[in-house]
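The values are calculated or read from the model by the stated rules, or taken from the named source; none is laboratory data. The model shown is predicted, which means the values in this text are computed figures rather than measured ones. Positions of Cβ are generated from backbone atoms using ideal geometry, with glycine treated the same way; all protein chains shown enter the neighbour counts.
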Amino acid sequence: MSILKKWRFWSSLLILLFCYVAITPNFQNNDSSNKINYGLDIQGGNSFLLELSEDVFKNNLLLKIVSQLELDYNLRSIINGDQIELNNSQDLSKLNNQVLQSMGLILDNKSETTSTIVLDNQYFKKSISDMTLNAVEIIRSRVDFLGNKELSIQKTGLNRILLEIPGNLDQNVKELISKTAKLNFHIEKDSYIDTFVLENTDTGEFVRVMSRPSLTGDYLQDASLQYDNNSPVVSFSLNKAGADIFGDLTSKNVGKRIAIVLDGSLISAPVVRDTISGGAGVISGNFTNEEANNLAIILKSGSLPTDITIIQEKQVGPSLGKEGVTKGVYASVIALIAITVFMIAYYKVSGLFTAISIVICLLLLFSLMSLMNATLTLPGVIGIVLTIGMCVDANVLVYERIKENFINKSDDPKNDGFNSAFITILDSNLTTLFAAVFLFAFGFGPIRGFSISLIIGIFSSLVVTYVILKFFLEIVPINRTGLKLK
Amino acid sequence: MIDFFKYRKISYIASSVFIIITILLIFFKGLNLGIDFKGGFNVEVRSDLNNQDLNSIFSQIDSSREVIVKKELSSNVFSIRIESGSGDKVFLDVVKDKISNLQNVEILMSEYIEPTFSKDLIQNSLYALLSSILVIAFYIWIRFDWQFAFAGIMALLHDVFLAIGFMSLFNIEFNLTMIAAILLIAGYSINDTIVLFDRLRTLTSKEDVKINLPLMINNSIFLNLRRTILTSFTTILALVCLVILAPVNLTEMPIVFIFGVLIGTYSSIFLALPTISVLNYESVLKSRDS
């Protein structure tokens, strides 16, 4: 049989086999990574886009550098905007270029009286990027308790984190993820020098404390929810160094109050009754169960290096997505049937080739999406319906060219027609493909979902046209294709 | 045979008029910007109440915020947009709390976008749009000639611009999904144009033919006319299915795209191809022959 000698026959078989292998995992109940993911707009769920403040981070970094200059090099400096200024009367010779470079700094300007140093931009960008990666881990440990396996958390852009939690949420995770969780202990001080007043707006409790914290949350080792007389409290333990500081602190300040401050607001200010050695303590406030639990979780996960804000949040109920998909599938099936009926009525047998091509094109599209573990979203469904359109267009171009070649009495109307039409198809599809690739690179959210299915769709359509449609045209005698004019 | 080339002046005038109308629309009526580009809240609810009831329910939550209620096509789903203001952080929780007490309103989806982030999204979308148009122009320039690239991009921009005017005219919400629709229109428009360009290139590259560009342009259009009609028809067929059956909050995208298909077909035939002759492509062909 000559059919066995045709490479398109074997390729077509290979494509079908590939589709079968690639699509199967979607129907199996295992944790295979080669499945199509469904976007939150389809399966329902929550997404949060978090932004870590660049300004606050920069400020913290500058403060750290100023104190490092003082400690390591005995140099006094001040922060002016995003620059550090040093008085030239000091011995600046220690601060050579090598030292500056190691600290990620650049000497910006040297006037008669002051030297100005700034952060090296590249170093700063890298610090932000590292800080964000670090924050991803902190946020991950904060939401870990949800036990949601499909939860996804990733860094996007320089200083943003995208958190996606499929399904319905009982707990309010916003509280957990949007807190910096900077814990400070300030000792009460009855003076107006270097002090400030903290007030708890809920309870009305207020206390005047030293500006500088005596102990910070950096020394925290663990925190957990406990009950004290049936009311929830958070117990914490400090590491060795922290325990020493805390012991020293409490022994010197018996009878004074110690303010426990989270992200700048006072939680409570208990009186120190006795020296606390061993580094264990309890934070009690007027907590509800959930509040105390959340506090324990965020303290345990550690504090974020900068302020964090939710810049986008979205909650999709499960019914909306389900309805959307059902309708999308109906729309695709009906569009498919309508187009098939029309094409068969217009092109007879060749119309049937088109119908088969569309089905295989869709199979290939889903296979590739499964293999790439791509995410299907509602705009993506629209992209798929358009893939059907592009596939039909390719068929129409080929058929019309073949018909034309009959009129022009070409020697080999089928092959000439296919080849010349395929150049046109390639040109027009590649242009759209390039545009879609750029869309994917720059786009966000729905634009991405749409462009990914368009990219894979165009590719599938090209492959199917080149292999399967041509195969049909090769094996079916020209008189039976319905393309020859009588 | 129809002399398409003859109508170029009429189509240039018609398109100019359309463009002026679009400019006036954008200038005076403006675009119905969604929260993607303006920031704020968007809540989709299912309810058997009417627009006014819902508006008063949501206005009561915070009277300082502007509330816009829109009923989605052919369903009992409403899209409620609430502007951004002070206390955004907890506002969504307040809304959900209030609505959970109501029997006849069910929240399907809720979304918040911070106004500063929406500025990023605008910038992002513009980058996406401009970069893909540049890539298209570059590809056509490489594969064809600069006259083709210029004519193709002009037709594409014309289509995109009129589609934006269409959205303004019918008060269709302009959001990220619509950016995707616009890009789709750009893709379709250029697709259609390139099919014709390709035909013109084949016709003009034949040797021992007396160059008559207007005639060749007419031929290219005429020979492809059936394909143009069939493809537009089948695409619109698929889109009509989507309009009738699309997910509730995505019905407008296919409608805009149907407009795009029609305008894209028009611009390829009546704007893109004649422009190649207007740009004096004849001289390129003649210099190649001699």
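Details
- When the stretch B:11-22 is limited to residues that are touching a residue at least 12 places away in the same chain (Cβ under 8 Å) and β-branched (Val, Ile, Thr), the one that is surrounded by the most Cβ atoms within 10 Å (Cβ to Cβ) turns out to be B:Thr22.
- In the stretch A:30-49, the residues that are among the polar types (S, T, N, Q) and crowded, with 17+ Cβ neighbours inside 10 Å: A:Asn37, A:Gln43, A:Asn46, A:Ser47
- For the stretch B:220-239, the candidate set comprises residues that are more than 10 Å from chain A (Cβ to nearest Cβ) and crowded, with 18+ Cβ neighbours inside 10 Å; within that set, the residue that is nearest to the chain's Cα centre (by Cα) is B:Ile221.
- Strands (runs of 3 or more DSSP E) lying entirely in the stretch A:2-106 (those with 1 or more residues that are among the aromatic types (Phe, Trp, Tyr)): A:45-52
- The stretch B:170-205, subset of a type in the set (D, E, K, R) and more than 7 Å from every other protein chain (Cβ to nearest Cβ), residue surrounded by the most Cβ atoms within 10 Å (Cβ to Cβ): B:Asp192
- Of the helices (runs of 4 or more DSSP H) entirely within the stretch A:231-348, those holding at least 1 residues that are within 9 Å of chain B (Cβ to nearest Cβ) and at pLDDT 90 or above occupy A:318-347.
- Out of A:Val233, A:Val272, A:Val282, one residue alone is surrounded by fewer than 17 Cβ atoms within 10 Å (Cβ to Cβ) and touching a strand residue (DSSP E or B) at 6+ places or on another chain (Cβ under 6 Å). It is A:Val282.
- Set B:Ile122, B:Ile113: member being within 7 Å of chain A (Cβ to nearest Cβ) and touching a residue at least 60 places away in the same chain (Cβ under 8 Å): B:Ile113
- You will find that of A:Leu63, A:Leu17, the residue that is in the same structural domain as A:Phe472 (by TED's automatic domain parsing) and exposed (fewer than 15 other Cβ atoms within 10 Å of the Cβ) is A:Leu17 and no other.
- In the condition set (1) among the hydrophobic types (A, V, I, L, M, F, W, C); (2) under 30 Å from B:Leu73 (Cα atoms); (3) buried (at least 24 other Cβ atoms within 10 Å of the Cβ); (4) more than 11 Å from chain A (Cβ to nearest Cβ), B:Ala155 is compliant with all but (2).
- Residues located in the stretch A:286-299, provided they are of a type outside the set (A, V, I, L, M, F, W, C) and either surrounded by 21 or more Cβ atoms within 10 Å (Cβ to Cβ) or outside the structural domain of A:Ser235 (by TED's automatic domain parsing) (or both): A:Asn294
- Being more than 12 Å from chain A (Cβ to nearest Cβ), surrounded by 14 or more Cβ atoms within 10 Å (Cβ to Cβ), more than 25 Å from B:Ile182 (Cβ to Cβ) and out of contact with any Phe, Trp or Tyr (no Cβ under 6 Å at 6 or more places or on another chain) holds for only one residue in B:Asn55, B:Asn104, and it is B:Asn55.
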